[in-house]
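To keep things clear, I will list the structure first and then write my remarks on it.
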Amino acid sequence: MDYSQFLMMPQEIGLLVVFLLVFLYDTFMPTKTLKGLPLFATVVFGIFTIFSFLPVPDGMVFGEMFESNKATWAMKNILNIGMFIVLLQSIKWANSDFVSIRRGEFYELIILTLFGMYLMISGRHFLLFVIGLETASLPLATLVAFEKKYYESHEAAAKYVLTAVFSSAIMLLGLSFVYGLTGTLYFTDIATMIVGDKSLLLIVALAFLISGVGYKLSLVPFHLWTADVYQGAPTMVTSYLSVISKGSAAFAFFVILVQVFGAAYAPVWEWMLYAIIVITITVGNLFAIRQRNLKRFLAFSSISQAGYIMLGVISANAVGMASMMYYILVYIFSNLAAFGVIAVIERKTGKVTTDDYNGLFKTNPWLAFVMMLAMFSLGGIPPFAGFFSKFFIFLGAAKTGSVAIYVLVLIALINTIISLYYYLLVVKAMFIRQDDCVIPALKSHWTERAGLWICTLGIILIGLVSCIYTSLSDITSSLTSMFSMI
Amino acid sequence: MPLSSTIYVLAIPFFMFLFLGLVATKMPRKITGVIGVLGMAVTTVWAYAIAFTYFFGNGEGQMLDGVRQQVVTTDWTWLSFYADKLVVKLGVLVDPISAMMLIVISTVSFMVHLYSLGYMSDHDGNPEKGFQRYYADLALFTFSMLGLVVSTNIFQMFIFFEMVGVSSYLLIGFYYGLQPANHASKKAFIVTRLADLFFLIGILILSFYTKTFDFKEIMGANGHDVCNAFTSAQGLTFMGCSVTGWALTFIFIGGAGKSAMYPLHIWLPDAMEGPTPVSALIHAATMVVAGVFLVARMFPLYVLEQGAMDIICVVGAFTAFYAAAVACTQSDIKRALAFSTISQIAFMMTSLAVSSANSKLIGGHEAGLGYMASMFHLFTHAMFKALLFLCAGAIIHAVHSNENSKMHGLHKFMPITSIAFLIGCLAIAGIPPFAGFFSKDEILVACYEKGIGWGLWMSMVAGMTAFYMFRIYYLIFFWKKHEVHGEHAPKDQPWTMTVPLIVLALISCVAGFVPFGKLVTWDGNLLETHLNLPVAGASVGIALIGIGLATVMYWKENPLPDKLATMFKGLWTASYRRFYMDELYQFITHKIIFQGISKPIAWFDRTIIDGFFNLLGNVTNSASFGIRKMQSGNVQGYVSYYIIGAVLLAAITGAVILFF
C-alpha cells in the first residue's frame, strides 16, 4: 500500500490528531485538571481550524474512494468554523454539575461525528459514504441522551435511534438495488452504467436514497423526528444537529445527485426534489408558526431552511453549489447565534419559550440584540448575511432558466414572507412586549460571549465582504469534471 | 507618504468610530475625547502628507506632461454579477479635487474635534450626556465624508452620500430629548433623502446608457475623453430633452438636496438645532458642499449638457440672492449664518455652472476658470465659515442663547472671539487680503464672462453678503452695552475652544494666496489666473458699501433699523419668515399630498394589500392547525409517514416516467 496517499487527507488526519489529544488528556491527566478539558479541546480545535485553511492537494486516493478537491476543502472548513463556535459555546455547559463527569465523552464523540461528516463529504464510493453517515449518526444518539437526568433527553435519543436505524435500513435497501443493477458502488462507475436505463427499480432506489439523506436533512416527510429530538437534546447538541450535521449532508447530497444520477436521471430526481422542497418549506413554516418553545420553533425553522438549501441542489450547477455552501456558512452563523442566546438563557434560568423572552431587551440588551440579528438573518432581511445567502440561492436556481424552477422560487419567496412572521414574533417579544416577570439581567460566561461575538460579526460581515461568495463561486466553477455529466 | 496609503486616511476615522461607539462608551469622558482628538490629528497629518505628495511630489503617475492625472490607489471589486457585466467597485481616487477635499475635511474636522472638548464638556453647566456617542458620530461622519470625496465610481459616491446623510441625522438629533432637535433631524433626513431618490434615478439612467459606474470609464482620465456611450446617448431624447440631460439634472437634484439649493434648502436652517461644532463641521464646511463636489466631479459631463448647466446656473443665482435676503433679518445668529452658508454654496454652484470647458481663451482668461474659482471658494469658505460657526459656538456657550438680543456689546468681554469673528466677516465679505476676496473675485470674473447680467446679479449678492455679515457682527459685539445676566460675565472660552478659532482665523488670512490655478483645475492643466482689476475694484467697492451701510445702521444703538423695518413692514416680515417657504411646504405636504395622494394610497394599502396578507395569514394559520396531528409524538407514526412518503415518491415518479 502506498502510504503517501494519507497526505491527500490532511484535514482528516488533523482531526484525528485533535481527537487523540483530547482522548489522551481525558484519560491520562489527573482528575483535578479535567476541568480544563473543554477549554483545551476548544483551543486545540481552534488551532486545527486555522491550520486546515492550508491548501490541500487535489486528487482521488484509496482506490478512488476518497476525493479531495477545493470544494471538499472549503466545505470542511465551513463545518470547522461552525464546530469551533459550538465547542466554544459548550465550554460552560460541559463544566456544569451534572454533565461534567462525562465531558470527555462529549468532546470525543462530537469530534468523531465530524470525522464521519468529512468522510461523507469526500467519499466517492457508497461504502465509504455510508460508513461516514453512520459514524456521524450513531454518536449523535449518545449526545442527544447526554443529559441523563432529564426524561426528555432519553425520549429524544430513543426516537432518534429508532428512526435513524429505520431510515438507514431503507437507504441501504435502495443502495442494494443500485448495486444489484450495476454491480458497483463507485459514484462515477454507476453514473456511466445507468445511462439510458430507466428501470423502475432504479427509481425506487433513488427515492429510497433521497429519503435516507432527506432524513439527515430533515426534509418533509422524513422530518418528524426533528422537533422531538431538538427539544429534548441538550441545546448545544441541538445546535450542532441543526447546522453542522445538516450542512455536511447537504453537500454530500449534492455530490451524489449530480455526480451519480446527474447524467441520466437529472429530470427524475429534480422532480422528486421539487416536490420535496415545496412541501418541506411550506410544512416547516406551518409548524413553526405554532411553536412557543424556542428550541422546537428553531427545529421547524431549520426544516424550512433545509428546503432553501435544497434549492441550491436542484439548480445542479456551479452557481447553485456555491450558493448552497454560502447558504450553509451563513446559516451556521445565524442559527448558532440564536442557539447561543437560547443556551445562555436556558442555562441561567431554564426558560425556553417565546413568552419568557418578553421584555428581554430591557434587561439584557446585548443578548436581545444578537437574537434580533439572528432572526433578521434567518428571515433574510438586508443587509444581514441571510439576505445575501437567500438572494444567491434564488439566483442560482433562477439561472437554470426553466419555468418550473421560477415557480419554485416564487413559492420559496412567499414562504419567506410567512417565515418573517414567526421570526419577527421573537423580536417583538423581546423588544415590544412587556412582562411582569422579565428574565433578570444575566452575566454570560466569556466563552459564550466570544461565540456570540463571532456569530454577530459573521452575520454582519459575510454578506458585505463579497470576496467570500466570489471565492466559493470560483472554487465550484473550477469543478468541471463534476458538472460535465449534466 | 505614498499615495497608496490614502486608504488609511479613511480607515483611522472608521476604526475610531467602531472603538468609540462600541468599546469606549464605558470609559471616562475625558479619555474618550482625547482619543478622538488624537485619532483625528493623525488623520489630519496623514491627509496633509497625501495631499502634499499628490500636488508636489513626483512619481506614481500623478503628473504627466505637466497635466495632473487622476490616480486610483485602491480598487476593490465589491459585487459582480452576470459574469462581470454589472460590477460595483469600492476604491480610492486621488485627483486635485479629492486631495483638496482631504485637506478641507481633515482640517475642519480636527478643529471641531478639539473645540468640542471644551464645548461639549457641559450643557448649561451640567455634564453633557452622550459625550462618547458624540465623538463616535463625529468619527463616523468624517469617515463618510472622506469616503465620499475619494469615490472612484458613482455608486460608491451614492453609498457615502447616504452615510453622510445618516451621520448628519444622528448629530442634528444629538439632543434627542428636545422636541425641536427631533423635528429638525427628521426634516433634514427626509428632505435630503427625497433629493437622493432623484440622485439614484439619475445614476440608474446614466449607468444604463454608459454601462458603467466608474468615473474614469465614463469621463476619461482627465475628463477629455467622455466615453462614446455617453455621447451617443445624448442623441436620444425623452420629453424634449436628451436622456443624459435628464440624468444629469436628476443627479444635480440629489446634490441640491445636500447643498441646500432653493427650494430644497428648508432643512439647513433647522439643522442648526444640533450642537454648534457640528454645524460648523457638517452644515457649513463639508457635507453641504457635497452637492457642489458632485457636480464638480461630473463636470466633464455637465459641460456637454448645456441645458442641465443652465438649470444649475439659474437655481444657483436665485438661491444666492434668496438666502442673502433672508439672512439680512434673522435674529438667531446660527440661522443667519446658515442662510449665509446657503448663499455662499449657491455662489459655488453658479460658478461651476457658468464655467465652460473650451480650451480657447475667452476674454483674456483661460476657460475652466469658473470651476477653479468654485473649488477655491469651497476651500476658503470652509475655513472662514467654520471659523464663524465656532465663534458663534463660543458666544452661545458663554451667554446660553442663540438670540442676538441676548448678546450685544460682547466685544469687551470676549476680545479674542470678537477679532476672530471680524476676520471671518472680512473674509466672507471679500475684503483683501483675506481669503474670501480672492476666491469671490474669481467667481465674479467667471460670471461676468458668462454675461454682464450674471455678473451684476452676483456682485449685488456679494454686497448683500457684506451687509448682513457685518450686521450680525455689530449686533453681537457692539450695538449697546452688554447686560450681564446671572452671576458670571461672559468671557473668552478655554484654550481648547480658542485655539481652533485662532488657527482658522490665521488660515482665513492667508488661504487666499494659495495658487489655486496651479493646483486644482477641471482637467489637470495649469491655469494662469490674474487679478482682474476692474472686477476686483468693483467688488471691493460694493463690499465696502455694504459694510458702510451696516455700520451706519448697527454700530451703535439707534432707531434706524426699526424705522426701516416698519417702513417696509411687508418685506421685512417676509424676509424674517424666510419668504414663507416653510409654510408653503406645510401647505403642500399636508393639504395636497397627505389629503389628495396619501389618503387613497393608505386606503389601498389597508384594504387591498393588508387584506391579501390577512387572507394569506388566515389560510396559513388554518392549514397549520389542520396538519398539527402529523406531529403526534409516537415513533410508529413517524416511521409510517416516512415509508409512505418514500414509496409515494417512487410510485408517482415511476408512474409519470413509465406511462408518459
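The values are calculated or read from the model by the stated rules, or taken from the named source; none is laboratory data. A quick note: this is a predicted structure, and the numbers were derived from the prediction, not measured. For neighbour counting, all protein chains shown are included, and Cβ atoms are generated from backbone atoms with ideal geometry for every residue, glycine included.
Regarding the stretch B:205-214, can at least one residue be identified that is within 17 Å of the chain's Cα centre (by Cα) and surrounded by fewer than 23 Cβ atoms within 10 Å (Cβ to Cβ)?
Of all residues in the stretch B:205-214, those within 17 Å of the chain's Cα centre (by Cα) come to none.
No; the residues of the stretch B:205-214 include none that is within 17 Å of the chain's Cα centre (by Cα) and surrounded by fewer than 23 Cβ atoms within 10 Å (Cβ to Cβ).
Among B:Phe579, B:Phe594, which is modelled with pLDDT of 85 or more, out of contact with any Cys (no Cβ under 6 Å at 6 or more places or on another chain), surrounded by 12 or more Cβ atoms within 10 Å (Cβ to Cβ) and among the aromatic types (Phe, Trp, Tyr)? Steps first, please.
On the way: B:Phe579 fails: modelled with pLDDT of 85 or more.
That would be B:Phe594, the only listed residue that is modelled with pLDDT of 85 or more, out of contact with any Cys (no Cβ under 6 Å at 6 or more places or on another chain), surrounded by 12 or more Cβ atoms within 10 Å (Cβ to Cβ) and among the aromatic types (Phe, Trp, Tyr).
Which count do you get for residues in the stretch A:285-298 that are within 20 Å of A:Phe333 (Cα to Cα) and more than 10 Å from chain B (Cβ to nearest Cβ)?
Number of matching residues: 4.
Condition check ((1) touching a Phe, Trp or Tyr at 6+ places or on another chain (Cβ under 9 Å); (2) in a helix (DSSP H, G or I); (3) of a type outside the set (A, V, I, L, M); (4) at pLDDT 90 or above) across all residues:
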residue: A:Val344; (1), (2), (3), (4): no, yes, no, yes
residue: A:Lys351; (1), (2), (3), (4): yes, no, yes, no
residue: A:Ala368; (1), (2), (3), (4): yes, yes, no, yes
residue: A:Gly386; (1), (2), (3), (4): yes, yes, yes, yes
residue: A:Ser389; (1), (2), (3), (4): yes, yes, yes, yes
residue: A:Ala398; (1), (2), (3), (4): yes, yes, no, no
residue: A:Gly401; (1), (2), (3), (4): no, no, yes, no
residue: A:Thr416; (1), (2), (3), (4): yes, yes, yes, yes
residue: A:Tyr423; (1), (2), (3), (4): yes, yes, yes, yes
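Restricting the search to the stretch A:208-231, which residues are more than 7 Å from chain B (Cβ to nearest Cβ) and of a type in the set (Phe, Trp, Tyr)?
Hits for the stretch A:208-231 are A:Tyr215, A:Tyr230.
Which helices (runs of 4 or more DSSP H) does the stretch B:235-324 wholly contain that include 3 or more residues that are buried (at least 24 other Cβ atoms within 10 Å of the Cβ) and either of a type in the set (A, V, I, L, M, F, W, C) or touching a Ser or Thr at 6+ places or on another chain (Cβ under 6 Å) (or both)? I'd like the intermediate steps shown before the answer.
Values: elements: B:243-258, B:267-270, B:276-280, B:290-297, B:299-302.
The qualifying helices (runs of 4 or more DSSP H) are B:243-258, B:276-280, B:290-297.
Among the candidates A:Ile417, A:Ile393, single out the residue that is within 14 Å of chain B (Cβ to nearest Cβ) and within 25 Å of the chain's Cα centre (by Cα).
Every option except A:Ile417 fails the conditions.
Identify the residue in the stretch A:439-473 that is touching a Lys or Arg at 6+ places or on another chain (Cβ under 7 Å) and not acidic (Asp, Glu) and, among all such residues, is nearest to the other protein chains (Cβ to nearest Cβ). Outline the logic, then answer.
Of the stretch A:439-473, the ones touching a Lys or Arg at 6+ places or on another chain (Cβ under 7 Å) are A:439, A:442, A:445, A:447-448.
Okay, now just the ones that are also not acidic (Asp, Glu), so A:439, A:442, A:445, A:447.
Values: A:Ile439: 23, A:Leu442: 18, A:His445: 20, A:Thr447: 20 Å.
Looking at residues that are touching a Lys or Arg at 6+ places or on another chain (Cβ under 7 Å) and not acidic (Asp, Glu), I get A:Leu442.
Which condition breaks for B:Tyr585 when tested against (1) among the hydroxyl-bearing types (Ser, Thr, Tyr); (2) facing another protein chain (nearest Cβ under 7 Å); (3) under 58 Å from the mean Cα position of the chain (by Cα)?
For B:Tyr585, the exception is condition (2).
Looking at (1) within 14 Å of the chain's Cα centre (by Cα); (2) without any contact (Cβ under 8 Å) to a residue 12 or more places away in the chain, which one does B:Ile105 not meet, given that it meets all the others?
(2)
When you go through (1) touching a Ser or Thr at 6+ places or on another chain (Cβ under 7 Å); (2) closer than 13 Å to A:Ile256 by Cα; (3) not hydroxyl-bearing (Ser, Thr, Tyr) one by one for A:His125, which number turns out not to apply?
Single failed check for A:His125: (1).
Here are some residues: A:Thr476, A:Thr480. Which one is within 19 Å of A:Ala74 (Cα to Cα), surrounded by fewer than 19 Cβ atoms within 10 Å (Cβ to Cβ) and more than 12 Å from chain B (Cβ to nearest Cβ)?
Testing whether each residue is within 19 Å of A:Ala74 (Cα to Cα), surrounded by fewer than 19 Cβ atoms within 10 Å (Cβ to Cβ) and more than 12 Å from chain B (Cβ to nearest Cβ) leaves just A:Thr480.
Conditions (1) assigned to a helix (DSSP H, G or I); (2) more than 14 Å from every other protein chain (Cβ to nearest Cβ), marked per residue:
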| position | (1), (2) |
| --- | --- |
| B:Lys563 | yes, yes |
| B:Met581 | yes, yes |
| B:His590 | yes, yes |
| B:Asn618 | yes, no |
| B:Ser632 | no, no |
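Check off (1) exposed (fewer than 15 other Cβ atoms within 10 Å of the Cβ); (2) within 14 Å of chain A (Cβ to nearest Cβ) for B:Ala650 and give me the number that stays unchecked.
(1)
Looking at the stretch A:181-200, which of its residues are among the β-branched types (Val, Ile, Thr), in a loop (DSSP other than H, G, I, E, B) and either free of Cβ contacts under 8 Å to residues at least 24 places away in the same chain or surrounded by fewer than 16 Cβ atoms within 10 Å (Cβ to Cβ) (or both)? First the steps, then the outcome.
Kept after step one, since they are among the β-branched types (Val, Ile, Thr), are these residues of the stretch A:181-200: A:182, A:184, A:188, A:190, A:192, A:194-195.
Now narrow it down to the ones that are in a loop (DSSP other than H, G, I, E, B): A:184, A:194-195.
Within the stretch A:181-200, A:Thr184, A:Val195 qualify.
Given the criteria exposed (fewer than 14 other Cβ atoms within 10 Å of the Cβ) and not hydrophobic (A, V, I, L, M, F, W, C), does A:Gly14 qualify? Spell out how you get there, then give the answer.
On the way: exposed (fewer than 14 other Cβ atoms within 10 Å of the Cβ): no; not hydrophobic (A, V, I, L, M, F, W, C): yes.
Criteria not met by A:Gly14.
A:Thr188 fails exactly one of the following numbered conditions: (1) more than 17 Å from the chain's Cα centre (by Cα); (2) within 14 Å of chain B (Cβ to nearest Cβ). What is the number of that condition?
(2)
Which of the residues belonging to the stretch B:77-129 are within 25 Å of B:Ser4 (Cβ to Cβ) and in a loop (DSSP other than H, G, I, E, B)? Outline the logic, then answer.
In the first step, residues of the stretch B:77-129 are kept if they are within 25 Å of B:Ser4 (Cβ to Cβ); the result is B:77-80, B:84, B:87-107, B:109-110.
Listed by number, the residues that qualify are B:Asp84, B:Asp95.
Does A:Ala264 satisfy being surrounded by 24 or more Cβ atoms within 10 Å (Cβ to Cβ) and among the aliphatic types (A, V, I, L, M)? Steps first, please.
Numbers: surrounded by 24 or more Cβ atoms within 10 Å (Cβ to Cβ): no; among the aliphatic types (A, V, I, L, M): yes.
Judged against the criteria, A:Ala264 is not a match.
So which residues in the stretch A:281-334 are small (Gly, Ala, Ser) and more than 19 Å from A:Gly380 (Cα to Cα)?
If we filter the stretch A:281-334 for residues that are small (Gly, Ala, Ser), which is where we start, we get A:284, A:288, A:299, A:301-302, A:304, A:306-307, A:312, A:315-316, A:318, A:320, A:322-323, A:334.
Within the stretch A:281-334, A:Ser315, A:Ala316, A:Ala318 meet the criteria.
Could we say that A:Ile289 is closer than 30 Å to A:Trp366 by Cβ, β-branched (Val, Ile, Thr) and surrounded by fewer than 24 Cβ atoms within 10 Å (Cβ to Cβ) here? Break it down into steps so the answer makes sense when it comes.
Numbers: closer than 30 Å to A:Trp366 by Cβ: yes; β-branched (Val, Ile, Thr): yes; surrounded by fewer than 24 Cβ atoms within 10 Å (Cβ to Cβ): yes.
Yes, satisfied.
Counting just the residues of the stretch B:216-228 that are among the hydrophobic types (A, V, I, L, M, F, W, C) and touching an Asp or Glu at 6+ places or on another chain (Cβ under 9 Å), which one comes out surrounded by the fewest Cβ atoms within 10 Å (Cβ to Cβ)? Before the answer, list the steps.
Narrowing the stretch B:216-228 to residues among the hydrophobic types (A, V, I, L, M, F, W, C): B:218-219, B:221, B:226-227.
With the extra rule that they be touching an Asp or Glu at 6+ places or on another chain (Cβ under 9 Å), the set shrinks to B:219, B:227.
Numbers: B:Met219: 23, B:Cys227: 19.
Only one residue tops the list, namely B:Cys227.
Yes or no: the stretch A:111-127 includes at least one residue that is of a type outside the set (Phe, Trp, Tyr), surrounded by fewer than 21 Cβ atoms within 10 Å (Cβ to Cβ), under 26 Å from A:Ala71 (Cα atoms) and over 19 Å from the mean Cα position of the chain (by Cα).
Yes: the stretch A:111-127 contains one or more residues that are of a type outside the set (Phe, Trp, Tyr), surrounded by fewer than 21 Cβ atoms within 10 Å (Cβ to Cβ), under 26 Å from A:Ala71 (Cα atoms) and over 19 Å from the mean Cα position of the chain (by Cα).
Which residue, of B:Phe659, B:Phe613, is within 14 Å of chain A (Cβ to nearest Cβ), at pLDDT below 85 and under 30 Å from A:Ala207 (Cα atoms)?
Details: B:Phe613 fails: under 30 Å from A:Ala207 (Cα atoms).
One residue alone meets the criteria, B:Phe659.
Within the stretch B:188-212, track down each residue that is charged (D, E, K, R) and over 14 Å from B:Ser167 (Cα atoms).
If the condition is that a residue be charged (D, E, K, R) and over 14 Å from B:Ser167 (Cα atoms), then B:Asp196, B:Lys211 are the ones that fit.
Kindly evaluate B:Ser151 against the criterion of being touching a residue at least 60 places away in the same chain (Cβ under 8 Å), of a type outside the set (Lys, Arg) and outside any helix (DSSP H, G or I). Can you show your working first?
Details: touching a residue at least 60 places away in the same chain (Cβ under 8 Å): yes; of a type outside the set (Lys, Arg): yes; outside any helix (DSSP H, G or I): yes.
Yes.
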